[in-house]
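The values are calculated or read from the model by the stated rules, or taken from the named source; none is laboratory data. Computed from a predicted model, the values in this text were never measured in an experiment. Neighbour counts are summed over all protein chains in view; Cβ atoms, including those assigned to glycine, are modelled from backbone coordinates with ideal geometry. For the accessible areas, the whole protein counts, side chains as well, though only heavy atoms, and no ligand, DNA or RNA atoms are used. Shrake-Rupley method; radii C 1.70, N 1.55, O 1.52, S 1.80 Å.
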Amino acid sequence: MRFAVFAVGAAGLGVLFVLAAFRLPDFGGRFHPYGDRAVASAIAEKTKNVVSSVNFDQRAFDTVGEELILFASALGAVVLLRTVRREREEEAGEHGYGPADVFDALRLTGYVLLPVTLLVGVYIVAHGHLSPGGGFQGGVVLGTALHLLYLTGDYPALARLRPVPAFEAGEALAAGAFVMVGLAGAGLVKTGNTLVGLEVGCAIVLVLAKFFEQALLVREEGA
């Protein structure tokens, strides 16, 4: 059954690929319809760069699909790594990993880099409309920056800093809002970029949180 589903999907993709390939402009020619339209639209909307105009304006609805892939991945991690009947979840302070288990240099480095990394993540998201990319990259930086607290040996502090239900709600709201922006169309590059940063950051936090919980807190009953 899996092979049959794959075969149907692969056949459909092959047909679309062939049809698209035959309609490509000649290599080295002067006729570039998509490029000409993309540049003209970016100039008309006064977007600072064409890449951001394409991602968050001209094909924002396509970018929605990319964001929903990450949304589905985070949702899958939450569902698959949930606590089952024969398991129990300890409190964050019970797992025996604390500052005493970490070298002083590593702990100091984590404390120093945490605010700096968060600031860099915010900067990348905030300037996404000025340079190519932005929201996705900045969201990854923000989502991983919080986990520098784990390197300092203070997992309970990390657990308090990133309450999972709040990030679940944040991811869902950001993804839903970005769908509306994608449907709205032109002129919302800054808004779309910011929502992407929020959704990606929340998704990264959720995925890492579930893996941390499985590794550190979840135990089989009687263990």
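See the values below:
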read-out	value
Accessible area of the chain belonging to carbon and sulfur atoms, whole % at 1.4 Å probe	69
Listed peptides 151-164, 104-117, 186-199, 30-43 by packing density, highest first (mean Cβ within 10 Å)	186-199, 151-164, 104-117, 30-43
Translational diffusion of the chain, µm² s⁻¹ [Kirkwood Rh, Cα pairs; Stokes-Einstein; 25 °C; 0.890 mPa s]	121
Surface accessible to a 1.4 Å probe, per residue, for the residues of the chain, Å²	61
Average silhouette area of the stretch 149-223, convex hull of alpha-carbon atoms, in square nanometres	6.4
Inverse of mean 1/r across different Cα pairs in the stretch 1-89, Kirkwood, Å	17.5
Whole-Hz couplings from phi, Karplus 6.51/-1.76/1.60, listed for the stretch 28-33; x for Gly and Pro	x, x, 9, 9, 10, x
Simple Cβ-charge dipole of the chain, Lys/Arg +1 and Asp/Glu -1, about Cα centre, in debye nearest 20	660
Two-decimal Rg to Rh for the stretch 20-70 - Kirkwood Rh, Cα set	1.07
Karplus (6.51, -1.76, 1.60) ³J(HN,Hα), θ = phi - 60°, over the stretch 52-63, in Hz, Gly and Pro reported as x	5, 4, 5, 5, 10, 10, 6, 10, 4, 5, 5, 5
